[in-house]
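Following: one structure in structure tokens, then a few remarks.
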């Protein structure tokens, strides 16, 4: 039925980031509401951030529009222009191709949460603002490289990969 | 900047429905957050319903996924299976082509609001569940007809059109 039972939708932690970068996602978990509701054209994830956690490494998308609404607690939006506190009901929009890297950090001492919507596209490229890293995603999966396409360095991903 | 100032985004009432059907949208108003944030791939509207108001006539989309999250008050989701109360944080998903007509009604005595996201597509057809009416939308605008494509009847749209 269209109304979603959020208590029955898996909450996943972890990270797809390579090597030691995966640890930066500690305290972040997400429920994928879109597929739970049968949607295929865009994703709608309900993301929970424990104190100190971040939504992602700061990045921007080349192909996919992105929209967020904070639903609980206080999130700090970090983008090229600085830090912006966001309370429940506050929204932000990130048009595809706008090279203003962004992420949300929970700098408070209470849990925070937000809804994030992003278009599904056959291919995607995202660039990370604070690292020499990009990711290309298609039906075959995601490939993380340096921005010139060469392999990530040992210094970037550590000894655990 | 990505964070949206909701106090600066126009709130629009009114309706595109033909003739007397437009009056059914009284008490509904909406802010178009997507274009305000430069998004083109999907719409993100913050809709306010005064007591007694409804989101739309009950309908379903053939081409566009739709997702809602209630943000304030209590909305009643009406679909083919009946009525479902939705509180802030409750979500519902409506995949393109699923012929389960739906709308939200504010049956409470306080204002209610919800966020609705819908894909932008070059063409769209939507069918109205409780009327012999459909609408086809493309770059040229929207055309409301009976479900067989013939003009709406005077009984449907009244004397004011």
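Quick note: the coordinates plus some simple rules give every number you see, no bench work behind them. Please read these numbers as outputs of a predicted model, since none were measured by experiment. No Cβ is skipped: glycine too gets one built from the backbone with ideal geometry, and neighbour counts run over all protein chains shown.
Within the range B:114-147, how many residues turn out to be assigned to a loop (DSSP other than H, G, I, E, B) and in contact (Cβ under 8 Å) with a residue 12 or more places away in the chain? Lay out the reasoning, then the answer.
Just the residues of the range B:114-147 that are assigned to a loop (DSSP other than H, G, I, E, B), to begin with: B:120-123, B:129-133, B:139-140, B:146-147.
With the extra rule that they be in contact (Cβ under 8 Å) with a residue 12 or more places away in the chain, the set shrinks to B:120-123, B:129-133, B:139, B:146-147.
Residues in the range B:114-147 being assigned to a loop (DSSP other than H, G, I, E, B) and in contact (Cβ under 8 Å) with a residue 12 or more places away in the chain: 12 in total.
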Could you tell me which of the residues B:55, B:15 is in contact with a helix residue (DSSP H, G or I) (Cβ under 7 Å, 6 or more places away or on another chain) and under 22 Å from residue B:132 (Cα atoms)? B:15
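For the structure I just gave you, tell me whether residue B:37 is in contact (Cβ under 8 Å) with a residue 12 or more places away in the chain, at the interface with another protein chain (Cβ under 7 Å from one of its Cβ atoms), more than 30 Å from residue B:145 (Cβ to Cβ) and surrounded by fewer than 20 Cβ atoms within 10 Å (Cβ to Cβ).
The answer is no for residue B:37.
Please find, among B:113, B:92, the residue that is within 10 Å of chain A (Cβ to nearest Cβ), closer than 18 Å to residue B:27 by Cα, crowded, with 19+ Cβ neighbours inside 10 Å and touching a strand residue (DSSP E or B) at 6+ places or on another chain (Cβ under 9 Å).
Values: B:92 fails: closer than 18 Å to residue B:27 by Cα.
Matching residue, one of B:113, B:92: B:113.
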Limited to the range B:61-89, what total is found for residues that are closer than 17 Å to residue B:130 by Cα and at the interface with chain A (Cβ under 10 Å from one of its Cβ atoms)? 5
Can you find a residue that is in contact (Cβ under 8 Å) with a residue 60 or more places away in the chain and either under 25 Å from residue A:77 (Cβ atoms) or within 14 Å of another protein chain (Cβ to nearest Cβ) (or both) anywhere in the range A:103-110? yes
Considering residues of the range B:58-71 that are in contact with a helix residue (DSSP H, G or I) (Cβ under 9 Å, 6 or more places away or on another chain) and within 19 Å of residue B:113 (Cβ to Cβ) only, the residue surrounded by the most Cβ atoms within 10 Å (Cβ to Cβ): B:67
Working carefully through the options A:44, A:53, find the one that is buried (at least 16 other Cβ atoms within 10 Å of the Cβ), touching a residue at least 24 places away in the same chain (Cβ under 8 Å) and away from chain B (no Cβ under 13 Å). A:53
Within the range A:14-30, track down each residue that is within 12 Å of the chain's Cα centre (by Cα) and surrounded by 17 or more Cβ atoms within 10 Å (Cβ to Cβ). A:17, A:25, A:28, A:29, A:30
Within the bounds of the range A:116-136, is there any residue that is touching a strand residue (DSSP E or B) at 6+ places or on another chain (Cβ under 6 Å), at positive phi and surrounded by 17 or more Cβ atoms within 10 Å (Cβ to Cβ)? no
Can you tell me which of A:1, A:25 is facing chain B (nearest Cβ under 10 Å) and in contact with a strand residue (DSSP E or B) (Cβ under 8 Å, 6 or more places away or on another chain)? A:1
